[in-house]
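J.: Okay, handing you the structure first.
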Amino acid sequence: MAMFAELSNEEVQAAWVKLTEEVRTGVLLTLRNERPFGSHVPYVFGKDWTRAYIHVSRLALHTEHLLLDSRVGLFVSEPDGPEKNPLALRRMNLQGEAVLLKADAANYVDVKERYLARFPQSAMMFGFADFALWELRLQDAHLVLGFGKAYFAKEVSPLAWTHQKPEQKRA
């Protein structure tokens, strides 16, 4: 069926880049009382999807959750609209671990500069003692680009996208 034609790795990668350039915020999923808890957060990615960075307050519930359990998810989706089919929205679901990025980390200055380039209005928050950068070390990605266009990737080879065929079953 043409509807389930596979895209090349380059096409999937270009679609991922386009989605994350267009959508600057996502839903951070943390665990609260062993249940998923979603928070809307701005993010910036590293060189690929395996590293994302968020700048959040220690006073926020999601930060409290991260300090107790570092397991995390990040969900990024294009906005819905009346002209769109909500079931075919481009979206990406990522899972991994969160680690506090200390100011003396080798990449801290680069991440801060990239974050401020994307979110210049957050410059003031870098002066607040309760705000900190966190590095999301992501191991698994599931990218949906429309009907029959779902792809998986793993941290070990982040640019090798595997097409999820309709008959495949995932654990």
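Every number in this text was worked out from the coordinates using simple rules, so none of it is lab data. Being a predicted model, the structure only gives us computed values, none of them experimental. With ideal geometry, Cβ positions are generated from the backbone for all residues, glycine too; neighbour counts draw on all protein chains shown.
J.: So how do K102, K18 line up by other beta-carbon neighbours within 10 Å, fewest first?
T.: K102, K18
J.: Using 7 Å Cα-to-Cβ label points, what is the L61/F147 separation (nm, one decimal)?
T.: It works out to 3.7 nm between the two label points.
J.: Quick one: how many lysine pairs in the chain have C-alpha atoms under 25 angstrom apart, if they're 8 or more apart or on different chains?
T.: Eligible lysine pairs with Cα atoms under 25 Å apart amount to 17.
J.: Work the Kirkwood hydrodynamic radius out for segment 91-171: mean of 1/r over every pair of different alpha-carbon atoms, inverted, in Å.
T.: 15.3 Å
J.: What GluC sites (Glu not before Pro) does segment 2-34 have in DSSP loop regions with at most 11 other beta carbons within 10 Å?
T.: E34
J.: Hey, another quick one. Against the globular-protein guess of 2.2 N^0.38 Å, express the Cα radius of gyration of segment 15-121 as a ratio, rounded to two decimals.
T.: Normalised by 2.2 N^0.38 Å, the Cα Rg of segment 15-121 equals 1.12.
J.: Further question: Suppose R0 equals 35 Å. What FRET efficiency, 1/(1 + (r/R0)^6) with r the Cβ-Cβ distance, do Y108 and L7 give to the nearest 0.05? Walk me through the intermediate numbers first.
T.: Numbers: r = 35 Å, r/R0 = 1.01.
Here the calculated transfer efficiency is 0.50.
J.: In whole angstrom, note down how far apart the Cα centers of segment 66-104 and segment 128-164 are.
T.: 8 Å
J.: For W49, W134, what ranking results if the residue with the fewest other Cβ atoms within 10 Å of its Cβ goes first?
T.: So the ranking, lowest neighbour count to highest, is W134, W49.
J.: In debye, nearest 20: dipole of the chain around its Cα centre with unit charges on the Cβ of K, R (+) and D, E (-)?
T.: Values: 21 positive and 21 negative charges, 39 e Å.
Around 180 debye, computed over the chain.
J.: If each residue of separation counts as 0.36 nm, what is the full-extension length gain between K47 and L159 once their alpha-carbon separation is subtracted?
T.: Going from the current span to full extension adds 39.2 nm.
J.: Tell me, what HN-Hα J-couplings in whole Hz come from the Karplus equation 6.51 cos²θ - 1.76 cosθ + 1.60 at θ = phi - 60° for each residue of segment 83-94, using x for Gly and Pro?
T.: Per-residue couplings from phi come out as 7, 9, 8, x, 7, 10, 5, 5, 7, 9, 10, 10 Hz.
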